[in-house]
Amino acid sequence: MRAGRTVALAIAASVAAAGGTFVSAHRADEYLQAARLDVEPGRVGVELDLTPGIAVASEVVSDIDRNHDGKLSAEEQAAYEHRVLDAVDVQLDGRALRMRPLASRFPDVEAMRRGDGTIRLQSSAVVPALPAGRHRLLFRNTHRRELSVYLANALVPESDRIGITAQLRDGDQSELTVEFIAR
């Protein structure tokens with residue numbers, strides 16, 4: 001996440017804390033999946049933060065730790081990352097994009113069991129040069145629907161060649177359509 005975006009999140013958290021309101025990341029019985037979409041000339045990026053609540057953490061850990069040895073090996077992490085990305089559909093102007101893994105970070109198992117361990121997955125797709133005009137990016141996440149709650153947002157593009165004009169979400173935010181203009 002870029003510095004300007006981090007500052008905005010920090011300000012929002014400070015405002016909530018100053019008001020005396022307890023800020024909770026998510027409920028204990030849900031798998032919070034927060035997606036941030038980054039539309040830039042020549043590429044689309046997706047950052048996913050996956051945080052299991054304590055009531056569902058054992059199920060999520062078991063899904064990753066396939067040999068049940070209590071450790072998340074590099075192979076198990078990579079396999080899980082691919083399962084998550086296989087459940088994510090990204091389309092640009094009606095054409096499917098193949099998201100490629102860029103980076104991942106997995107917390108230790110105990111952090112997930114406490115409900116404060118977040119898996120971070122970063123992926124990207126190269127897109128051809130877009131003609132000037134209006135475009136639509138569709139993001140749909142169907143990973144672990146039975147456990148999950150979703151958040152989805154488009155980041156402010158760094159390039160002035162892309163301008164976000166609308167974000168349209170379905171009721172549970174597992175689907176987001178980003179309308180934008182390419183210049």
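Just so it is clear, none of the values below were taken in a lab; they were calculated from the coordinates. Owing to the predicted nature of the structure, the values given are computational and were not obtained by experimental measurement. Using ideal geometry, Cβ is built from the backbone for each residue, glycine included, and neighbour counts are taken over all protein chains shown.
Just a few scattered comments:
- Within this structure, residue 44 fails the test of being within 21 Å of residue 151 (Cα to Cα), assigned to a helix (DSSP H, G or I) and in contact (Cβ under 8 Å) with a residue 60 or more places away in the chain.
- Qualifying positions in segment 56-102 - of a type in the set (Ser, Thr, Tyr) and surrounded by 13 or more Cβ atoms within 10 Å (Cβ to Cβ): 58, 73, 80
- Filter result (of a type in the set (Lys, Arg) and in a helix (DSSP H, G or I)) within segment 83-117: 83, 113, 114
- Index of the failed condition, residue 105 passing every other in (1) surrounded by 14 or more Cβ atoms within 10 Å (Cβ to Cβ); (2) within 16 Å of the chain's Cα centre (by Cα); (3) farther than 22 Å from residue 174 by Cβ: (1)
- Complete set of residues in segment 24-41 that are basic (Lys, Arg) and assigned to a strand (DSSP E or B): 36
- Among residues of segment 165-183 that are assigned to a strand (DSSP E or B), those with a Cβ under 6 angstrom from a residue that is hydroxyl-bearing (Ser, Thr, Tyr) and surrounded by 15 or more Cβ atoms within 10 Å (Cβ to Cβ), sequence gap 6+ or separate chain, pair up as 168/177.
- Residues (part of a strand (DSSP E or B) and over 13 Å from residue 37 (Cα atoms)) located in segment 132-161: 133, 134, 135, 148, 149, 150
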